[in-house]
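Notes follow the structure.
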Amino acid sequence: MGNLGLTGKETIVIYESGFGMRAARVGWMLEYAGAHKVFLLEGGFQAWRKSHFPTENRPLEPEAKIFRIRPLARLLATADEIRSDKSAQILDVRSEGEFTGKEGRECDKRQGRIPHARWLEWTNFIEGGKRFKTRSEIASVLKERGLNKNRSTVVVTYCHRGARAAAAYYALRSMGYGKVRNYVGSWHEWSARKNLPVEK
């Protein structure tokens with residue numbers, strides 16, 4: 001990151017072509033590494049261009065700086081922590097087929113879900129693939145699914161490899177949930193560890 005001219009102290013805005021999970025994952029990784037101010041550009045580059053904001057295509061040659069990595073453990077959930085912390089709310093943000101075990105990726109050793117996980121697909125937080133839904137809309141979704149209103153509760157999001165979970169992480173953060181953690185290993189790791197239980 002230092003080669004990109006970043007120290008972690010500046011404001012960093014992450015975007016992709018549209019709006020979704022890729023920018024969210026990069027943003028989460030930067031926060032975990034210790035970056036202080038990370039934001040996602042709603043609508044991505046497409047929305048920026050549609051708004052007629054300035055663009056450029058010349059290559060940048062930033063001055064190299066030092067980015068000191070200071071991992072923030074409170075943003076990360078591990079498989080062992082999920083097993084030991086019975087009070088945490090586990091949120092599976094994959095598709096319904098993945099949640100029920102009827103669908104899955106070939107690279108996964110087993111199909112199903114983490115025991116006691118609740119299902120709320122990450123797309124429920126997104127409006128038309130362009131932006132996050134409004135706070136009131138997200139609040140309605142959470143209420144409908146009966147998710148804990150106590151925003152001091154630890155909430156762990158997971159998907160297949162942490163990208164969709166990162167989008168859900170930011171949506172919940174915007175709602176005031178202060179203890180959201182991303183299980184980056186997600187189902188890919190959980191399914192591969194034979195000592196970990198699976199529900200279907």
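Please treat every number below as a calculation from the coordinates, not as lab data. Note that the coordinates shown come from a computational prediction; the quantities given were computed from them, not determined experimentally. No Cβ is skipped: glycine too gets one built from the backbone with ideal geometry, and neighbour counts run over all protein chains shown.
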Taking placed amide H atoms and a strict 5 Å upper bound, the residues 5 or more places from residue 127 or on another chain that come that close are 132, 133
Please give the FRET efficiency for residue 41 paired with residue 195, using the beta carbon to beta carbon distance and R0 = 41 Å, rounded to the nearest 0.05.
-> 0.50
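For a distance above 16 Å, tell me the whole-number percent of Cα pairs in the stretch 55-168 that qualify.
Details: 4478 of 6441 pairs.
Taking all Cα-Cα pairs of the stretch 55-168, the fraction more than 16 Å apart is 70 percent.
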Longest principal axis of the chain (C-alpha) makes with the long axis of helix 21-33 (C-alpha) an angle, in degrees to the nearest 10, of 80 degrees
If each Cα of the stretch 114-200 is one equal point scatterer, what is log10 of I(q)/I(0) from the Debye formula at q = 0.11, 0.14, 0.25 Å⁻¹?
-> -0.31, -0.50, -1.35
³J(HN,Hα), Karplus 6.51/-1.76/1.60, whole Hz, each residue of the stretch 45-54, x for Gly, Pro = 5, 4, 5, 4, 5, 5, 7, 6, 7, x
To the nearest µm²/s, what D does Stokes-Einstein give for the chain at 4 °C and 1.567 mPa s, using the Kirkwood radius over alpha carbon pairs as Rh?
-> 72 µm²/s
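What trypsin sites (Lys or Arg not before Pro) in the stretch 56-104 are in a loop by DSSP, with at most 13 other Cβ atoms within 10 Å of the Cβ?
68, 86, 102
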Taking Cα atoms, the helix 135-144 axis meets the longest principal axis of the chain at an angle in degrees (rounded to 10) of 10 degrees
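I need to check one value: relative contact order of the stretch 144-200, counting alpha carbon pairs closer than 8 Å and at least 6 residues apart, in percent.
On the way: 63 pairs, mean separation 21.1, N = 57.
The normalised contact order for the stretch 144-200 reaches 37 percent.
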Give the angle, between 0 and 90 degrees and rounded to the nearest 10, that separates the Cα long axis of helix 163-174 from the longest principal axis of the Cα atoms of the chain.
-> 80 degrees
Sparse-neighbour loop sites [chymotrypsin sites (Phe, Trp or Tyr not before Pro); the stretch 1-48; at most 13 other C-beta within 10 Å; DSSP] | none
How many lysine pairs does the chain hold where the Cα atoms are under 16 Å apart and the two sit 8 or more places apart or on different chains?
-> 9
Across bins of 10 angstrom width beginning at 0, how are the C-alpha pair distances of the stretch 2-72 distributed, in whole percent?
-> 20, 42, 34, 4
Per-residue Cβ neighbour rank within 10 angstrom, fewest leading, 37, 194 | 194, 37
